[in-house]
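Here is the structure we will look at.
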Amino acid sequence: MVTKPPLLALSLPDFTSFLRSRGIFTFHAVYKADARKFATSHNVLDPILEYFRDEGIDFDSHEGIFGQIGPRSGVLQGAFIHRTCRGAGAGGVRNWSYKTVEDWFRDGLRLSRGMTHKNALAGIWWGGGKGLLARNTGIGLRQGNKLDGRKMVFEEYGSFMTALRGCYVTAEDVGTTDQDMAAIFSKTRFTTCIPHEFGGSGNPSGPTARGVLRGLEAALSYIGKSLEGATIAVQGVGHVGTKLVDLLLNKEVSHVIASDIDTSRINLASKKLKKWADSGRLELKTISSQEDTILYEDVDAVAPCAVGGILNPQTIPKIKAKIICGAANNQLHDLMSDDKLLAERGIIYVPDFLVNRMGIVNCADEAVGYIDDDPNIEMHLGDSWDNSIYNLTKSILEESAKRNRTPQELSVELAERRSWEKNPIWGHRGIKIIDSLIQSREWKRKTMNEL
Ligand code: NAD
């Protein structure tokens, strides 16, 4: 039994006050895997990191964690870098409210490892990383905040990226927009998903929805069905969910039920999807709480496109659909056991990181120059490449049945294997950047002067 350090229970505003009271505004923790030890900028971080290491759920030899309290905004900002053998740790920056210090670290650790798997499975020469902005700290970034304040936070995050010298490359994620990426881009080159007017790829949700559609097609075809005539429930009508609903209805599915907890999102979706609502083939529902879900609808497939952790011992027994396949990251609450619970119930779970790769694929290509109808993007969505979403999903489902292993286990195994392959040009450069960073006078000054 690992004892939880009391700091983990602090709320994030209290944590930032605690750090400030110690004169800590920038911090890091770098893991030395051989010695199983952390090199941290401040001793107070050691018990936190050691707890996650010993607990062993979300920590997986992450190469480095970097954080700062925004110099002007006071917003807690982080960059979690999991593994950089294939290239820079890459993944979006999430703008979210976290209850406790534990939630913040856990989300960063889990999501960055997920990005390693997603990028490796997609065959991209990028490692795994994730950014976090705690929007319940400092001036915050909740809706309605003044635009100037918002821009300032993302500019700060851009300068933070520059200070990391490329071991992490950021992108858009939940709670951010391409305009936020433009603000980051004004301070750094280590970002993607920047708006088209700056030569970037913009919001990645369209390609992500197309990828999820291909995953759904593969899973339905695996059980001898097709999208035509199928019934699908979509959880969340945000950026991806709304586009997915539209694509599904264009593909002649017979009926879609979609939900959101946010009435404004439902209103927006009903405007965008009016023709489908009018046709009677789309039902949009506002739900009142996280517990009241549409996961239990009697449909062929459920596509979670909202938040993670929704597949757990409480929800799984009530699911009626044969297939779960959606965009939301980390749908399984417990990565080690919830996939097995689903398999025991005969539910095909298509791992999120297998089908929601298109956002990051878009970003990876943007980093080397953005072109319309990019064949390097289209090959992920087609049928001719054996690593396309459709083909890989089908082959993993077939192997899963043959070997009596869950699709999650097989996908993680394949992703892990690929994630250790070294970048053919740069080798394991990310870890060298991290090492040089913490040795550098600039970074030492950033952390030391504050002690
Ligand atoms: P978004 O914030 O635009 O949309 C998410 C929607 O889910 C919001 O409208 C929110 O109100 C709603 N929601 C939250 N809890 C809900 C619940 N219990 N039931 C119903 N609705 C609920 O985010 P997005 O960009 O559409 O992404 C959706 C998911 O897909 C996220 O988990 C994200 O990490 C993942 N993802 C997105 C992309 C991308 O390209 N945008 C790429 C990969 C993965």
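The values are calculated or read from the model by the stated rules, or taken from the named source; none is laboratory data. Owing to the predicted nature of the structure, the values given are computational and were not obtained by experimental measurement. Note: ideal-geometry Cβ built from the backbone for every residue, glycine included; neighbour counts use all protein chains shown. We work out accessible area using only protein heavy atoms, side chains counted, and drop any ligands, DNA or RNA first. Shrake-Rupley method; radii C 1.70, N 1.55, O 1.52, S 1.80 Å.
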Which entries in Lys32/Lys432; Lys225/Lys274; Lys118/Lys422 show an alpha-carbon gap greater than 18 Å? Lys225/Lys274
Distance between modelled label sites at Val368 and Ser279, nm, 7 Å Cα→Cβ extension: 3.9 nm
Rounded accessible area of Asp386 (nearest 10 Å², 1.4 Å probe): 120 Å²
Carbon and sulfur: what percent of the chain's accessible surface (1.4 Å probe)? 51 percent
With labels modelled as points extended 7 Å from the Cα through the Cβ direction, what inter-label distance (nm, one decimal) is found for Asp262 paired with Asp334? 3.1 nm
Need the full-extension length gain, Met448 to Lys151, defined as separation in residues times 0.36 nm minus the C-alpha distance. One decimal, nm. 104.1 nm
Calculated FRET efficiency for the pair Ala39/Ser384, C-beta based, R₀ 60 Å, to 0.05: 0.80
Averaged per residue, the 1.4 Å probe accessible area of the chain, protein heavy atoms only, in Å², is roughly 42 Å²
Plugging the Cβ-Cβ distance of Ser254 and Lys4 into 1/(1 + (r/R0)^6) at R0 = 30 Å yields, to the nearest 0.05, a FRET efficiency of 0.05
Antiparallel as a % of all DSSP beta bridges within segment 83-192, to the nearest 5? 10 percent
Within segment 350-375, the residues whose backbone N lies under 18 Å from a label point placed 7 Å from the Cα of Arg189 along the Cα-to-Cβ direction are 363-371
Interchain or sequence-distant (5+) residues whose placed amide H lies within less than 5 Å of the amide H of Val234 are Ile257, Ala258, Ser259, Ala303
Once ligands and nucleic acids are excluded and a 1.4 Å probe is used, how much of Ile261 is accessible, expressed in Å² to the nearest 10? 90 Å²
Explain nothing, just the number: dipole magnitude of the chain about its Cα centre with +1 on each Lys and Arg Cβ and -1 on each Asp and Glu Cβ, in debye rounded to the nearest 20. 1000 debye
Projected label distance in nm at Phe18 and Tyr296, using a 7 Å step from Cα toward the beta-carbon: 3.8 nm
To the nearest 10 degrees, how steeply does helix 205-222 sit against the main Cα axis of the chain, on a 0 to 90 scale? 50 degrees
Based on the Cβ-Cβ distance of Ser11 and Lys272, what FRET efficiency does E = 1/(1 + (r/R0)^6) give at R0 = 25 Å, to the nearest 0.05? 0.10
